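The values are calculated or read from the model by the stated rules, or taken from the named source; none is laboratory data. Predicted model only: the values in this text are computed from it and were never measured. Virtual Cβ from ideal backbone geometry, glycine too; neighbours counted across all protein chains shown. To get the accessible areas, we keep the full protein, side chains included, count just its heavy atoms, and leave off ligands, DNA and RNA. Shrake-Rupley method; radii C 1.70, N 1.55, O 1.52, S 1.80 Å.
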Amino acid sequence: MRLIKQNIERDGSGSITLYPEEPEDMWHAYNLIQPTDLLRASAIRRVTTESSTGSTSSTRVHITLSIRVTSIDFDPQAGQLHVSGRVSEENKWVKVGAYHTLDLELQRNFTLEKSEGWDSVSLDVVKEAIKQDKEGTVPAVVMQEGLANICLITEYQTVLKQRVETGIPRKRSGRASDHDKGLSKFYQVTLETLLRHVDITQPRPLLLASPGFTAAGFQKYIIDEATRTGNKALLANKSNFVVVHSSSGHLHSLNEVLKSPEVLAKLKDTKYARETRLMDDFLTLLRKDDGRAWYGPSEVEKAVEKGAVGRGGGVLLISNALFRSQEIGTRKRWVTLVDKVKEDGGDARVLSSDHESGKRLEGLGGIAAILTFPLEDLDEEEEEGEDSVPNETEQGSII
Amino acid sequence: MSRHKLVKNLDLDDEMDDYDGGDDYADDDTEENLRLGTIRVREELPEASGHITDRQIQDALWHYYYDVDKSVAYLIKEYMAKPKKEQKKKVAGGFYLFFPTLQVHGGELSSKACSKPFSFAEFFKDTPWLNVPPERQAVFIAPLYPRGGLLGGSSDGAPKMSKLQALAAARKKKAQEQKASESSGVEKPMAGLSLNESASGPSVGSEATEPSSALKQPSRRFPLLKRKDSKPHEKSQKAPPHVEKEPETNDIPMSISPGDLDQAEPSAFASTMFNSRDRSPPKHSANLFTLPYAATATPATTDPFAGPSPDDVVTAAQSKVASGKGGKGPPKTSVEKKTDQIANGVEALKIDDTPKVTSKNLDVLKEFEQKEKKNEANFVVIGHVDAGKSTLMGRLLYDLKVVDQRTIDRYRKEAEKMGKSSFALAWVLDQGTEERTRGVTIDIAMNKFSTNKTNFTILDAPGHRDFIPNMIAGASQADFAVLVIDASTGSFESGLKGQTKEHALLVRSMGVSRIIIAVNKLDTVAWSQERFDEISQQVSAFLTSAGFLPKNVAFIPCSGLHGDNIVRKSTEPGLTSWYNGPTLVEELDNSEPITRALTRPLRITIGDIFRGGVQNPLSISGRIESGSLQTGDALLAQPAGEKCFIKALEVDSEPADWAVAGQNVTIHLSDIDPIHLKVGDVLCSPTSPIKIIKEFTAKVLAFEFLTPMQIDVHRGRLHTPGRIREIVSLLDKGSGAPTGKKRPRIVKPAQLARVIVELEAAVPLEAPARVVLRSNGATVAAGLLE
């Protein structure tokens, strides 16, 4: 993403013009654009004109439209963003209030104006988006016998490209060859699918993860196939195929993959590796149950209030799904929280909800915090509050 | 003559006359039955019963439900006693129209006439319309009477008919016959015969032809014909096309007694359409041939219409077949269908439609009870990796002669080639190429052996932690477990921390309550009793804490590689000095039979999908968890929701017709695409299908810390990703009542909790299924669906 023009006042009002260059930028745009924002981008609109005689003719016109956003739809697999809203600026073709869905395209500018002004989180998103030193995309195959998940780990997303599932006959006495045949068929299908989605000749790591020997077998199969077909580009790249252990072939095993030493050695301090590590740290503390790790919106809010997420190791983990809230009030609540933590000198990390670590965080309510000092019973009040609700329902059921 | 032409030529008016819409057993089948019955009854009836009409016989048959004897008895009682009265009635009915025919039969019936008074009305009794109430007939007959009389058909038997009239009548008849009869076949000559006769004996001939013309003509000329329609004779409209093809039948006429000859039964509709002709053949058969001759043979001479014509037979057969198959027959009205069913029921035809796969409709549970058989038990062999599970089982199979010496020798040779000679016995179970090259069990191996008491199925589980999903699959099929422990120095300790513990917890949480601990490799520590006791103590303490009752735990010292204390008692002095308990096999034999959920709805978790051969392109194997099944049963595959059928069935690799819960079966399926089946899917009975769910509440025992987290849910072969959405509450271990805070943040190991699990995809699961929750390669909890 390139920043074309920035025009932001001190009070946060103003607009930013961005130029998306790659599909990943659409993800940033998705996190940036909120309902009620003003978005200006080029569009193709079908315009119907009626002549004096009553006959109609429709033409497609290229125009630049400004819309007041009502909803956003993001397709992570295709990397497409559809923003629909109502036209806010009249022109020759379109009236104010008419509906239009803008399909944001790569290599085409769009201008965004925030209705509530630019807050720290959205400015951070812009900063992240226009960062030039990008960590590359890493393809990974998480597999087990008969199941393979082919995905792309980008900096902000883990995109599941394709799931391969084939039946492999189990081992049965006297029919060992069935299993072998099924397995090599599975490897073949997986490789074909992988080649369709990913260029594995590029000099970048390819993660092959599985329990047992499946990944190693697949690596051997790839190299054997490359040798057989004389694919030199592939053979030259074979040192980049990293076989990693995972406990299952399901996608969430990617957690283990990303924290394994083999991967860390290759991928150093990438954002997702950092995120994964943070989540692990948090969970370790949670297991200790010493009152330094808390999750859930109200608990974390309380902890932040008490200044426990501050200088000296305080970390706020928050999923960016929370910032995509349709309600302005809710978003504001989280933005304030993030700002408070930063003020206190703590570390506020916005985890991508499209990464495995973000998904883990979402399971915990989308927000968690590592405190600098232990706090007990943050959840007590809330529990009382909740107690009253079931009591009511109980009474209702008695009646 | 083609049928089209026939149809064209048919005199529709005649047809309509003949057709009588509202009959009560109009169907061909019924009619056929009745006709056959009538023939039999006629055979049974005394000679003098000629006056009894077919109609009466048929009525009798109908009421006695085709019981010939009863019908005969009834007929004799009812009609033979008062024939005259009947006749008088009929005469009074005024069928003078047919009077002339009396003359035709005059000669031939002379002998009969001597024995009893002959009446032409009696003669015509078999014509169905004679049973019509007289008042109706009178209206119809009246206009004809004078004419018939004028033409010489008077009752005194003096036929006076002009030659011209006779000729006209003959021509007409001929024309009619040609219309209705086939140009080929024996019939034509016969038709000729009757004409010949009419020509040779004008008086007789004219008389013979008269009725037909008299009958038909008025029906066309007078509007009264409608009355005729109401006559209850049993003809259906379909009959005419069949008549044309009525050559003499060989079988039925032959069996007719001479007495029947003049009382020829009408075939399907000869009695309506060709009644004049009906009478003519008997006439010349009686005239031209001697009766005995006619009775014995020459179908041509007997009445060709005495029995069902071949066509009728064919039609009847066809309709039977058609009704049996419910297939191609002509479209039938509901009434016809009903009568069809009745007729079929009467004939006890097998009308069961053939299903795709024939089911023997066995009462499986009864069969199961009846079958004299041994106990059956499945046990899973568990333990830390390299504890010697496969080798121990290989030894057991070898010593029990399930595996022959030659195979073992071959394995030994091959294993030595690979530098793994100690793995030879394990190769009995580890048959996969990868398993052999790597020297580790990857998937469950199933083998069978039997002792005097019990048929055992071994489920040899992999010990490696990566293959615990496979081990879970095996353990879910087991009735009890054999825990193999490596007694060699250091190995036991590492094992106890590793999979020894996890496996034991897993089998316990999957409902296995009995466990045999084989303390293996004791030879490496010189059969030391201290070592054995130390291991026993530690393990039993752990097992008790895991929930095994001490009485269900047994320890056996043994050596898998050498075979001590497995099948044969050890002769090692080091061991015999302090141990003389049972061997492993003896201990296995002590297992009690397991009760099986036979009456619950059918459930099979698919353990494997494979090609069972050329004949069976799609086969699955698995253990029947509950219920029973048999060949031909329909099954529902969940979550696909696809129906399939059991083409064939194998229980323990033997073909079988049925199987019950607890058995390991291979099912060859039909009518389903393999794409709908996955390992871990459930086959169930379509009547009570298993539900597919995306979320469940479970009571779980935590082995690790539980937070709302991502997990894999395992149940047998089924495993699916999901997450703990919510920890509802902690539960008291004793009472199971909720304790402590609501919605705790975390569940510590060994705590009992109620959790809500959300799955990524809907899977077939139903309470009270036992599930195992795993995360990051470790078993974090196990529990029971609620």
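The distance linking the range B:650-701 with the range B:426-470 is 22 Å (Cα centroid to Cα centroid, whole angstrom).
Using a 1.4 Å probe and counting only protein heavy atoms, arrange A:271, A:359 so the residue with the most accessible area comes first.
Details: A:271 25, A:359 75 Å².
Result, largest first: A:359, A:271.
For A:373, B:703, the ranking by accessible surface with the largest value first comes to A:373, B:703, using a 1.4 Å probe. Label sites at residue B:542 and residue B:437, each approximated as a point 7 angstrom past Cα along Cα to Cβ, lie 3.3 nm apart. Comparing each chain alone with all protein chains together (probe 1.4 Å, DNA, RNA and ligands left out), the residues of the range A:262-311 losing at least 20 Å² of accessible area are A:286, A:287, A:289, A:294, A:295.
For peptide B:430-437, how many partner chain Cβ atoms fall within 10 Å of a residue's Cβ, on average? The partial results should precede the final answer.
Numbers: counts 2, 8, 7, 6, 10, 4, 1, 1.
Shielding by partners across B:430-437 averages 5.
Can you pull out the buried accessible area for chains B and A, both sides counted, probe 1.4 Å, rounded to the nearest 100 Å²? Spell out each step's value before the answer.
Values: alone 35680 and 20360 Å², together 52190 Å².
That pair of chains buries around 3800 Å² in total.
Taking amide hydrogens as placed 1.01 Å from N in the peptide plane, the amide H of residue B:635 sits under 5 Å from those of B:644, B:645, B:646, each at least 5 positions away in sequence or on another chain. Stretched out straight at 0.36 nm per residue, the stretch from residue A:46 to residue A:128 would grow longer than its current Cα-Cα span by 25.9 nm.
Each label point was placed 7 Å from the Cα along the Cα-to-Cβ direction; for residue B:489 and residue A:216 their separation is 2.9 nm. In the range A:359-375, the residues whose accessible area drops by at least 50 square angstrom when the other protein chains are added to the isolated chain are A:363; the probe is 1.4 Å and only protein heavy atoms count.
Mind jotting down the distance between the C-alpha centroids of the range B:531-565 and the range A:199-275, whole Å? When both Cα centres are located, 42 Å separates them.
How do A:354, B:54 rank by accessible surface area computed with a 1.4 Å probe, from largest to smallest?
On the way: A:354 35, B:54 5 Å².
The ranking, largest first, comes out as A:354, B:54.
List the residues of the range B:728-768 whose accessible area drops by at least 20 Å² when all protein chains are present, compared with their chain alone, using a 1.4 Å probe and counting only protein heavy atoms. So the qualifying set is B:741, B:742, B:743, B:745, B:746, B:748. Protein heavy-atom surface of the range B:495-647, 1.4 angstrom probe: 51% of the accessible area is carbon and sulfur, with nucleic acids and ligands not counted. Each label point was placed 7 Å from the Cα along the Cα-to-Cβ direction; for residue A:325 and residue A:375 their separation is 1.7 nm.
Dipole magnitude for the range A:2-130: computed about the Cα centre from +1 point charges on Lys and Arg Cβ and -1 point charges on Asp and Glu Cβ, it is near 640 debye. The Cα center of the range B:384-422 and the Cα center of the range A:59-116 differ in position by 71 Å. Carbon-plus-sulfur accessible fraction, chain A (probe radius 1.4 Å, protein heavy atoms only): 48%. Per-residue SASA remark: residue B:446, around 70 Å² accessible (1.4 Å probe; ligands, DNA and RNA not included). Size of chain A from its Cα atoms: along the principal axes, largest to smallest, the extents are 78, 70, 55 Å. Over chain A, accessible surface divided per residue gives 46 Å², non-protein components excluded, 1.4 Å probe. In the full protein context, the range B:447-572 carries 35 Å² of accessible surface per residue, based on a 1.4 Å probe and ignoring ligands, DNA and RNA.
Given a cut-off of 23 Å, name the pairs among A:271/A:306; B:501/B:733; A:185/A:359; A:259/B:699; A:131/A:161; A:185/B:389 whose C-alpha atoms lie farther apart than that in the structure shown.
Working: A:271/A:306 29 Å; B:501/B:733 21 Å; A:185/A:359 32 Å; A:259/B:699 31 Å; A:131/A:161 25 Å; A:185/B:389 30 Å.
Where the Cα-Cα span goes over 23 Å, the pairs concerned are A:271/A:306; A:185/A:359; A:259/B:699; A:131/A:161; A:185/B:389.
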